[in-house]
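The structure appears right after this line, and notes come after that.
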Amino acid sequence: MDRSTGQPAAPDVPQPFGAQLAELRERLDRTREQDGEPVDSALLIADLETAYEELRVADEEVRTQQEQIAQLLEGQTLLRWQQERMMAMLPVATLTTDPHGIIRVANLATAHLLGMRMARVLGKPVITLFAAEERPQLRRLLSQVAGGGTGFHRRTVLVPRDGDAVEVEVTATRSPGSALEIGWMILDARLSHAGEEAGESPLPDALAGMATLATEAGDLQELLQRAAELAALGLGDPGSEVTVTLGPPDAPDALASTGVNAQLFDGAQIAHGEGPCITAFETLGAVHSPDVHHDARWPRLAPDVPDAIRGVIAAPLENGDRLIGALNVYRTAAGRATHLVPRAELLAATIAAVIHEFSAKSELRDLAADMERALTSRAVIDQAKGIVIAERGCTAEEAFEHLVKLSSSQQLKLRDVARLLVERKAGGTSLP
């Protein structure tokens, strides 16, 4: 109880670490100014040891922060953030709803398909986007997913705000994470089923698989290989082989193929410096050749085209205004396949978005590593300064100058000098 006020006494609050260091520095300055007067060395040493212990605790706190950064990189928050970024970049309509079907997140492709402003899309019941006769069945399917089902595919009819009804293929799945959310993908059926008999198209599954590559692939080569395999699946063209090329096709930085014939064709294009992939890259447009053996556009290439390959479709990979590679589809069936061209372009745009997101993730990891190194170096340097202050009875500025001089004389980085001093102190060795 505070007798002067009659109120409960305030609890003791420890001084901030910076204030303790400032007070210690004042005591050191006063000690140097005593000019021969006796110094309570035991008390001074105790204060220095306290400062050193505080530095050690601060180092442990920094390490705890580093562990938290690592957990953030691998945790659910980052996963969801990346998924939302990936969804926003996909060239197809994707959205996320709560268990009741209320739209919480949507990408620009969704707003474009619906002919609505984004602000009007968010908060809208997803069921109302479809034809009235389709809504009862969609409600039942939504309830099944919300109740624990994994998801569903359904061919149905979308009714844009302004325009004619569109036949679409809808894929809905439970999103990963603790909160129950449902992810939706809406594809124009003319694209997903063009040239195919009625039935379930492989394109939605391929696109959904690509959307997870940025978070699941261990390195760029694995990402390219899986993207090529998913593209071959999404095309729905049996016997076709696919190559994803990163960089100029005539001098690629990396590539991945799904078959030997694709690899042979890639090598022939590189050797001759011409071919559908190179043309698509140079012209920034999709290239379709029904019979590449007799295509006059690439006369030098024709003799080295593998016998098994007949038609070729190539589409550039574009990331904003940057051209980053190409997607190549090598068909074993002769004849035109114009229905596959827009599908290849869609897959190419998706792969480009995945590569961009993977690069962003890699940059984030590099930044976290740089932060960790910087935090570690700072903590060690602060420890070394405290040790020098204790040993030499100098100010913090003088201690730092001493470390800099040691760094220059020993031709070592400052953080390495600091680390050596800390290790020597821990081992009981005197400082230089």
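The values are calculated or read from the model by the stated rules, or taken from the named source; none is laboratory data. Here the structure is a predicted model, which means the values were calculated and not measured. When we count neighbours, we look across all protein chains shown, and the Cβ atoms used for this are built from the backbone with ideal geometry, even at glycine.
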Residue hits (the stretch 213-244; touching a residue at least 60 places away in the same chain (Cβ under 8 Å), under 20 Å from residue 319 (Cα atoms) and among the polar types (S, T, N, Q)) are 215, 243
Name the single residue, out of those in the stretch 222-235 being under 25 Å from residue 169 (Cβ atoms) and touching a helix residue (DSSP H, G or I) at 6+ places or on another chain (Cβ under 7 Å), that is surrounded by the fewest Cβ atoms within 10 Å (Cβ to Cβ). 233
Starting from residues that are touching a helix residue (DSSP H, G or I) at 6+ places or on another chain (Cβ under 6 Å) and assigned to a loop (DSSP other than H, G, I, E, B), keep the ones in the stretch 91-105 and report whichever is nearest to residue 351 (Cα to Cα). 91
Residue 100 vs (1) modelled with pLDDT of 90 or more; (2) loosely packed, with under 15 Cβ neighbours inside 10 Å; (3) closer than 30 Å to residue 342 by Cβ; (4) not aliphatic (A, V, I, L, M): all pass except (3)
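Please specify each residue of the stretch 143-164 satisfying the condition of being polar (S, T, N, Q) and within 22 Å of residue 116 (Cβ to Cβ).
156
Mind listing whichever residues of the stretch 213-249 are over 21 Å from the mean Cα position of the chain (by Cα) and under 15 Å from residue 324 (Cβ atoms)?
Those that are over 21 Å from the mean Cα position of the chain (by Cα) and under 15 Å from residue 324 (Cβ atoms): 243, 248, 249.
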Residues located in the stretch 150-170, provided they are under 22 Å from residue 104 (Cβ atoms) and either out of contact with any helix residue (DSSP H, G or I) (no Cβ under 8 Å at 6 or more places or on another chain) or among the aliphatic types (A, V, I, L, M) (or both): 150, 158, 159, 168, 170
Qualifying residues in the stretch 217-269 (those that are out of contact with any Leu (no Cβ under 8 Å at 6 or more places or on another chain) and acidic (Asp, Glu)) - the one nearest to residue 350 (Cα to Cα): 229
Sort through 356, 339 and tell me the only one that's closer than 23 Å to residue 219 by Cα and at pLDDT below 90. 356
Does residue 140 satisfy the condition of being surrounded by 15 or more Cβ atoms within 10 Å (Cβ to Cβ) and over 17 Å from residue 116 (Cβ atoms)? no
Hits in the stretch 268-317 - residues which are outside any helix (DSSP H, G or I) and either touching a Lys or Arg at 6+ places or on another chain (Cβ under 7 Å) or β-branched (Val, Ile, Thr) (or both): 274, 287, 290, 291, 305, 309, 310, 311, 312, 313
So which residues in the stretch 272-307 are farther than 16 Å from residue 244 by Cα, in contact with a Leu (Cβ under 9 Å, 6 or more places away or on another chain) and of a type in the set (A, V, I, L, M), if there are any at all? 292, 305
Give the residue, chosen from 267, 247, 273, 320, that is surrounded by fewer than 20 Cβ atoms within 10 Å (Cβ to Cβ), more than 23 Å from residue 201 (Cα to Cα) and touching a residue at least 60 places away in the same chain (Cβ under 8 Å). 247
What are the pairs with Cβ atoms under 6 angstrom where one residue, in the stretch 280-297, is more than 13 Å from residue 313 (Cβ to Cβ) and the other, located anywhere, is surrounded by fewer than 19 Cβ atoms within 10 Å (Cβ to Cβ) and of a type outside the set (S, T, N, Q)? Sequence gap at least six, or different chains. 293/302
